[in-house]
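Here is the structure we will look at.
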Amino acid sequence: MRIQFEIRENLPEIIEEIMNSPKWQTSVKEEISGRTTVVIRDQAYDSEATVEIYAKEIDIRTAWSKYYYRIFIINDVVWCEYNGAYRGLLEQILLPTITPRESLLESEVTESSLYGNERKTLRKYAEDNLKLKQFRRENFNENMNGTAPFDHPKRVYDEFIKEDYVVIPKNEKK
């Protein structure tokens, strides 16, 4: 899914947060003519994101999911473009403060797996995404926990979940 929306923060505020946030460690990797590349790391979750800072743009790419945020200025207005999964929008720990100026649900999804390049609001996308999830649950034996057999590798569940394995508490062992 790709979506663009206007945000309240300005570029200097966002850069300051990226470079000096107590939420993560920041390492400057490269400074080359108008571009600074930094890596921000969250030690608690062993995750990181790469950030490229330009004069009028910031690009953020998460390491695990490869979600992409582009924060940029057009006509003195700061915008954010997100390219990633619907459920990942603004959910990353390694992300500076990004506050939509208007209702995010009224922003247009410009590209998606549901509509291709047909533009719809995020509200409409969310409604149709829920309908698709319900359809999959009813027609493809999707589990009630929200996963379908074709969403996640079944071998993960088979290899790591042992339903008939009984753990004996330490104080009962002889």
* **Breaking point among (1) within 23 Å of Leu132 (Cβ to Cβ); (2) open to solvent by less than 60 Å² (accessible area, probe 1.4 Å), for Glu91** => (2)
* Listed residues Tyr54, Tyr125; which is open to solvent by less than 80 Å² (accessible area, probe 1.4 Å), within 19 Å of Ile3 (Cα to Cα) and aromatic (Phe, Trp, Tyr)? -> Tyr125
* Does the stretch 52-73 hold any residues that are at pLDDT below 95 and part of a strand (DSSP E or B), and which are they? -> Thr62
* For Arg101, which of the numbered conditions (1) open to solvent by less than 80 Å² (accessible area, probe 1.4 Å); (2) touching an Asp or Glu at 6+ places or on another chain (Cβ under 6 Å) fails to hold? -> (1)
* **Tally, over the stretch 99-141, of residues that are in contact with a helix residue (DSSP H, G or I) (Cβ under 8 Å, 6 or more places away or on another chain) and under 18 Å from Arg8 (Cβ atoms)** => 5
* To do: May I ask you to list pairs of residues, at least six apart or on different chains, whose Cβ atoms are under 7 Å apart, with the first in the stretch 83-103 being more than 18 Å from Ile53 (Cα to Cα) and the second being of a type outside the set (Ser, Thr, Tyr) and open to solvent by 70 Å² or more (accessible area, probe 1.4 Å)?
  => Thr99/Arg8; Arg101/Arg8
* Do you know which residues across the stretch 57-82 are closer than 26 Å to Tyr115 by Cα, open to solvent by 40 Å² or more (accessible area, probe 1.4 Å) and free of Cβ contacts under 8 Å to residues at least 40 places away in the same chain? -> Arg61, Trp64, Ser65, Lys66, Tyr67, Tyr68, Arg70
* To do: Give the stretch 1-51 a look and list any residue that's of a type in the set (Phe, Trp, Tyr) and either in contact (Cβ under 8 Å) with a residue 60 or more places away in the chain or surrounded by 12 or more Cβ atoms within 10 Å (Cβ to Cβ) (or both), or say none.
  => Phe5, Trp24
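The values are calculated or read from the model by the stated rules, or taken from the named source; none is laboratory data. Because the structure is predicted, anything quoted here is derived from the model rather than measured. Because the Cβ atoms are built from the backbone with ideal geometry, glycine has one as well, and the counts that use them run over all protein chains shown. Just so you know, the surface numbers come from the protein's heavy atoms only, side chains and all, with ligands and any DNA or RNA stripped out. Shrake-Rupley method; radii C 1.70, N 1.55, O 1.52, S 1.80 Å.
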